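One structure is given here, and the rest of the page talks about it.
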Amino acid sequence: MCQAEGKPSRVELIRTAALSGVAEYAYAATAPKEARLIFLAGSCPLELDGSTAAIGDYAGQAAKCVENLRIALGAAGATMADVISTRVLVASSRQADLVTAWEVVRAAFGEHDAPSALFGVTVLGYDDQLVEIESVAAVVD
């Protein structure tokens with residue numbers, strides 16, 4: 001956890017040896033008590049004109065979701081390092097498609113492996129949409 005003027009300035013990721021080390025994310029996270037929580041709408045693979053990006057491409061849509069997530073976080077005064085949790089939704093019943101999307105999202109977070117959940121869903125809200133990322137962030141102003 002980073003310190004700024006004696007105050008915690010970012011989320012703390014929590015791991016434990018009592019749970020499997022196979023998961024590519026922390027099992028829990030805390031926010032500083034002074035933190036402002038940011039609840040982000042689901043990040044969708046939409047272009048500025050409202051069209052769906054990377055039709056039929058799970059990795060491409062995940063990358064566009066991450067790009068849009070970064071923009072939304074920036075508008076709220078946050079970065080990817082401020083994300084306290086994510087839920088990645090993938091419109092597929094195939095585990096391989098979920099993994100394809102997850103690998104893009106996971107790589108985008110780098111060492112900040114916030115707690116996350118990965119779901120296969122039947123359908124998402126926009127035409128041709130395959131991936132969506134829900135997230136919560138915490139910042140100390």
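The values are calculated or read from the model by the stated rules, or taken from the named source; none is laboratory data. Treat the numbers as computed from the prediction; the structure is a model and nothing was measured. We place every Cβ from the backbone using ideal geometry, glycine too, and count neighbours over all the protein chains shown. These accessible areas exclude ligands, DNA and RNA; they are computed on the full protein's heavy atoms, side chains included. Shrake-Rupley method; radii C 1.70, N 1.55, O 1.52, S 1.80 Å.
Exactly one residue out of Arg87, Arg106, Arg70 is among the basic types (Lys, Arg) and either part of a strand (DSSP E or B) or open to solvent by less than 40 Å² (accessible area, probe 1.4 Å) (or both): that is Arg87.
The set of residues from segment 13-35 being open to solvent by 80 Å² or more (accessible area, probe 1.4 Å) and not small (Gly, Ala, Ser) comprises Arg15, Leu19, Val22, Glu24, Tyr27, Lys33. Picking from residues in segment 41-57 that are hydroxyl-bearing (Ser, Thr, Tyr) and open to solvent by less than 40 Å² (accessible area, probe 1.4 Å), the one that is farthest from Arg15 (Cα to Cα) is Thr52.
Test Ile38 against the criterion of being open to solvent by less than 30 Å² (accessible area, probe 1.4 Å) and not aromatic (Phe, Trp, Tyr), and give yes or no.
Criteria met by Ile38.
For segment 73-84, filtered to residues that are without any contact (Cβ under 8 Å) to a residue 60 or more places away in the chain and over 9 Å from the mean Cα position of the chain (by Cα), the residue that is surrounded by the most Cβ atoms within 10 Å (Cβ to Cβ) is Thr79. Selection of first residues in segment 17-43 that are closer than 19 Å to Ala107 by Cα and of second residues that are assigned to a loop (DSSP other than H, G, I, E, B) and charged (D, E, K, R), restricted to Cβ pairs under 6 Å at least 6 apart or on distinct chains, gives the following pairs, ordered by first then second residue: Tyr25/Asp113; Ala26/Arg15; Ala26/Asp113.
Tell me, yes or no, whether segment 91-109 has at least one residue that is among the small types (Gly, Ala, Ser) and under 21 Å from Ala28 (Cα atoms). Yes.
Among the residues of segment 48-75, those identified as under 16 Å from Ile133 (Cα atoms) and polar (S, T, N, Q) are Thr52, Gln61, Asn68.
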